[in-house]
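Written out below as structure tokens is the structure these notes cover.
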Amino acid sequence: MSASYLEATARERILAVLDAGSFKELLPPAQRVVSPHLGQLDAPVSFDDGVIIGEGLLDGQAVMAAAQEGGFMGGAVGEVHGAKLVGLLRRAVVKQAAGVILLLETGGVRLHEANAGLIAVSEVMRAVLETRAAGIPVIVLVGGANGCFGGMGIVARCANTVIMSEEGRLAMSGPEVIETANGVEEFDSRDRALVWRTTGGKHRYLIGDCQQLVSDDTAAFRAAAIAALAQVSAPQLTLAALEAEQEMLRRRIATFGLADDPMDIWAELGVPRPDSVPMLEADAFTAMAQAHRITSPA
């Protein structure tokens, strides 16, 4: 029987993705490591600060793993939350783990913590790149209701592999942020179909921001993570790789920069019947998209 990744909590997800009985949590709630800022603002705290970190096995291989809890402040990153992620990534390097699995669900930086949150996200980015440079792959899973936005959207794209469901969303700025800054004429955040066409897993897969699309199923995410860990190549953090990525982005903007809707991009990519894409199941969509998607050089 399948279990919805979207509806699961962070703890349920991390236990379902890793081998049964193998997860050992670091800094669990019992240790009461909470944000020093939220209490000063009389804001509620969480005893794990909204992120579960630890070590376990993925198909028998020793990995480090973290899962953000979207139910606490939308999975937003503060000082302690970010420090836990950085510490986990550094531990992966010290222990030479087979990989790091990040289950991200977040709106980005926790506004309550302002600069401390911004610094925390930047440190996570650096830690991801340092982990990859040490030869340890970083795999990101995105399928929660809050998506993966803000600075953590950048963190996701710093990883070796991004795995998403159609229900997952990935972007820098969220729909509400774009609408607030540029008006509803630019982006109507209440148009759910538009939001998912623009930031959802299928679009991200087609334009090369996501390497694998799976159904909303914890078992499907687990299988994809196992496959990614087995297939990932050595990290290519070179100037040539960076230049290739930038060239891909330049071509993408030049080709699709004037498109009014993601469906226009899908049509330009040669996708047959772009209007039918939202109705396709993950397997059928992936089979169709193979011949049309942009492949990221990274």
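No lab work stands behind these numbers, since they all come straight from the coordinates. What you are looking at is a predicted structure, and each value in this text was computed from that prediction instead of being measured. Quick reminder, even Gly has a Cβ in these numbers, built from the backbone with ideal geometry, and neighbours come from all protein chains shown.
The table for this structure:
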read-out	value
Those lysines that a straight Cα-Cα span of less than 19 Å connects to Lys24, excepting residues fewer than 8 apart in one chain	Lys84, Lys95
Computed [θ] at 222 nm, deg cm²/dmol, the chain (DSSP H ≥ 4; -39,500 (n - 2.57); rounded to nearest 500)	-12500 deg cm²/dmol
Rg/Rh ratio calculated on Cα atoms of the chain (Kirkwood radius)	0.95
The chain: relative contact order in percent, alpha carbon pairs under 8 Å with at least 6 residues between	16 percent
Sequence of Ile14, Ile226, Ile119, Ile163 once ranked by neighbouring C-beta atoms within 10 Å, starting from the fewest	Ile119, Ile226, Ile14, Ile163
In degrees, nearest ten, helix 114-133 long axis to first principal axis of the chain (Cα)	80 degrees
Gyration tensor (alpha-carbon) shape descriptor, the stretch 146-298, a/c threshold 1.5	rounded
Sites Asp260 and Met125 - FRET efficiency at Förster radius 25 Å, r taken between beta-carbons, to 0.05	0.20
³J(HN,Hα) computed for each position of the stretch 6-11 - Karplus, 6.51 cos²θ - 1.76 cosθ + 1.60, integer Hz, glycine/proline x	4, 8, 6, 7, 4, 5
Whole-angstrom gap from the stretch 7-65 to the stretch 182-243, using each part's C-alpha centre	23 Å
Packing-based exposure ordering (other Cβ within 10 Å, fewest first) of Thr238, Thr131	Thr238, Thr131
Sorted by Cβ neighbour density within 10 Å, fewest at the top, the residues Lys24, Lys84	Lys24, Lys84
Inter-probe distance in nm under a simple model that places probes 7 Å from Cα toward Cβ, at Ala43 and Thr180	1.3 nm
Length added when fully stretched, Ala62-Arg192, from 0.36 nm per residue minus Cα-Cα	42.9 nm
Charge tally in the Cβ shell below 9 Å around Ala3, where Lys, Arg are +1 and Asp, Glu are -1, Ala3 excluded	-3
The chain: angle of helix 79-95 to the longest principal axis, Cα-based, in degrees nearest 10	90 degrees
Val33 paired with Met279, simple spin-label distance in nm, labels 7 Å along Cα-to-beta-carbon	5.0 nm
For the stretch 51-57, 3J(HN,Hα) per residue [Karplus equation, 6.51 cos²θ - 1.76 cosθ + 1.60, θ = phi - 60°, Hz, x = Gly/Pro]	8, 9, 10, x, 10, x, 10
